[in-house]
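Enquirer: If you scroll down you'll find the structure; I have some questions about it.
The values are calculated or read from the model by the stated rules, or taken from the named source; none is laboratory data. The model shown is predicted, which means the values in this text are computed figures rather than measured ones. Cβ coordinates were reconstructed from backbone atoms using ideal geometry, including for glycine residues, and neighbour counts include every protein chain displayed.
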Amino acid sequence: MVATQGKYGNIQVRNVRKTFIQAEGPDVVALNDISLDFNSGEFVSLIGPSGCGKSTLLRLIAGLIPPDWGRLSLDNSDITGPGHERGLVFQDPTLFPWKNIYENIAFGLRARKVYREEKHTIPEFFHLVGLEGFEKSYPHQLSGGMAQRAALARALVSNPKVLLLDEPLGALDAFTRMNMQDEILKIWERRGMTTVMVTHDVDEAIYMATRIVVMSARPAKIEKVINVEIGRPRRRDDPDFLDLRAKILQILHFAGSRNDLQYYL
């Protein structure tokens with residue numbers, strides 16, 4: 001059953017601007033007057049040209065960096081820094097190499113000083129991401145896909161209201177990537193948290209999201225917000241899927257010729 005809109009995990013971004021100061025050369029305006037809502041329980045993909053500010057927006061929501069001005073809030077509370085109610089997964093799994101997988105996943109509970117009370121939940125997350133039997137393994141002993149599963153479990157163990165995914169599948173081979181897309185969707189459907197994913201892959205955005213936010217080149221603005229009204233499970237060769245892909249490529253100005261479009265087919 002697909003997650004439905006609920007009471008918690010509503011993100012508001014209002015008139016947000018973010019500039020990066022350069023030691024040499026002009027300052028870089030990454031985001032300029034961005035306003036956007038992410039509703040409880042939905043899966044939103046952010047897509048746009050490289051360097052357009054997608055990851056910057058994700059890091060602002062995560063509280064890793066502050067805006068120059070504007071307001072970001074979660075359930076009407078200002079986002080002023082990182083918090084366990086927002087889980088973040090990067091393209092690189094960023095696991096601690098000196099800790100086994102159990103300790104990597106348990107890290108968030110220990111950091112919050114709730115390990116003793118909540119350690120009984122950890123096996124649930126090994127099962128959720130399909131890593132039973134690998135509790136005592138170390139990151140270097142895992143494949144890329146398995147390491148990313150561990151990173152997902154580490155983000156989920158604190159039961160966040162919001163899951164933030166910064167190109168989490170970009171470093172995986174095509175087969176593993178498609179398999180992980182399905183696994184992430186299963187987790188989203190079971191747990192119902194608001195999910196925001198940055199991706200460069202148009203097909204991935206359509207396959208996974210309930211809504212796609214297309215961003216312009218830097219300084220980013222919202223070019224288009226598209227509701228993905230295609231049933232699940234989705235087929236990549238479905239005519240509606242192909243029509244939406246062509247529409248998004250046109251918005252991104254990549255569909256100017258047959259060769260441009262062929263790259264994605």
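Results for (1) aromatic (Phe, Trp, Tyr); (2) surrounded by 20 or more Cβ atoms within 10 Å (Cβ to Cβ); (3) not in a helix (DSSP H, G or I), shown as yes or no for each residue.
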position: Leu95; (1), (2), (3): no, yes, yes
position: Gly130; (1), (2), (3): no, no, yes
position: Lys136; (1), (2), (3): no, no, yes
position: Gln148; (1), (2), (3): no, yes, no
position: Ala153; (1), (2), (3): no, yes, no
position: Leu172; (1), (2), (3): no, no, yes
position: Thr176; (1), (2), (3): no, no, no
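Enquirer: Of the numbered conditions (1) surrounded by fewer than 19 Cβ atoms within 10 Å (Cβ to Cβ); (2) in a helix (DSSP H, G or I); (3) in the same structural domain as Arg211 (by TED's automatic domain parsing), Glu103 fails exactly one; give the number of that condition.
Expert: (3)
Enquirer: Within region 236-254, can you find the residues that are surrounded by 13 or more Cβ atoms within 10 Å (Cβ to Cβ) and farther than 12 Å from Val202 by Cα?
Expert: Of everything in region 236-254, those that are surrounded by 13 or more Cβ atoms within 10 Å (Cβ to Cβ) and farther than 12 Å from Val202 by Cα turn out to be Asp238, Asp240.
Enquirer: In region 112-128, what count of residues is obtained for those that are closer than 19 Å to Arg191 by Cβ, in a loop (DSSP other than H, G, I, E, B) and out of contact with any Ser or Thr (no Cβ under 8 Å at 6 or more places or on another chain)?
Expert: Residues in region 112-128 being closer than 19 Å to Arg191 by Cβ, in a loop (DSSP other than H, G, I, E, B) and out of contact with any Ser or Thr (no Cβ under 8 Å at 6 or more places or on another chain): 1 in total.
Enquirer: So for region 184-198 (the condition being in a loop (DSSP other than H, G, I, E, B) and surrounded by 18 or more Cβ atoms within 10 Å (Cβ to Cβ)), does at least one residue qualify?
Expert: Yes, region 184-198 has at least one match.
Enquirer: Just to check your reading of the model, which residue among Ala174, Ala151 is free of Cβ contacts under 8 Å to residues at least 60 places away in the same chain and of a type in the set (A, V, I, L, M)?
Expert: Sole residue among the options that is free of Cβ contacts under 8 Å to residues at least 60 places away in the same chain and of a type in the set (A, V, I, L, M): Ala174.
Enquirer: When you look at Leu165, is it in the same structural domain as Ile11 (by TED's automatic domain parsing) and either at pLDDT 95 or above or part of a helix (DSSP H, G or I) (or both), yes or no?
Expert: yes
Enquirer: Say whether the condition of being in contact with a Gly (Cβ under 7 Å, 6 or more places away or on another chain) and either more than 19 Å from Arg17 (Cα to Cα) or in the same structural domain as Tyr8 (by TED's automatic domain parsing) (or both) is met by at least one residue in region 142-154.
Expert: Yes: one or more hits.
Enquirer: Restricting to region 23-34, what's the tally of residues that are in contact (Cβ under 8 Å) with a residue 40 or more places away in the chain and either in contact with a Lys or Arg (Cβ under 6 Å, 6 or more places away or on another chain) or on the phi > 0 side of the Ramachandran plot (or both)?
Expert: Of the residues in region 23-34, 4 are in contact (Cβ under 8 Å) with a residue 40 or more places away in the chain and either in contact with a Lys or Arg (Cβ under 6 Å, 6 or more places away or on another chain) or on the phi > 0 side of the Ramachandran plot (or both).
Enquirer: Asn104 is checked against (1) in contact with a Phe, Trp or Tyr (Cβ under 6 Å, 6 or more places away or on another chain); (2) under 20 Å from Leu36 (Cα atoms) and fails just one. What number does that condition carry?
Expert: (2) is the only condition that Asn104 fails.
Enquirer: How many residues, within region 137-165, are in contact with a strand residue (DSSP E or B) (Cβ under 9 Å, 6 or more places away or on another chain), among the aliphatic types (A, V, I, L, M) and under 12 Å from Phe107 (Cβ atoms)?
Expert: 3
Enquirer: Counting only residues that are out of contact with any helix residue (DSSP H, G or I) (no Cβ under 6 Å at 6 or more places or on another chain) and of a type in the set (Asp, Glu), how many does region 128-183 have?
Expert: Adding up the residues that qualify gives 4.
Enquirer: Please go through region 108-138 and pick out each residue that is in contact with a Lys or Arg (Cβ under 8 Å, 6 or more places away or on another chain) and on the phi < 0 side of the Ramachandran plot.
Expert: Gly108, Leu109, Leu128, Val129, Leu131, Tyr138, listed by residue number.
Enquirer: Could you look through region 28-75, keep only residues that are farther than 17 Å from Leu163 by Cβ, β-branched (Val, Ile, Thr) and within 15 Å of the chain's Cα centre (by Cα), and pick out the one that is surrounded by the most Cβ atoms within 10 Å (Cβ to Cβ)?
Expert: Only one residue fits best here, namely Ile47.
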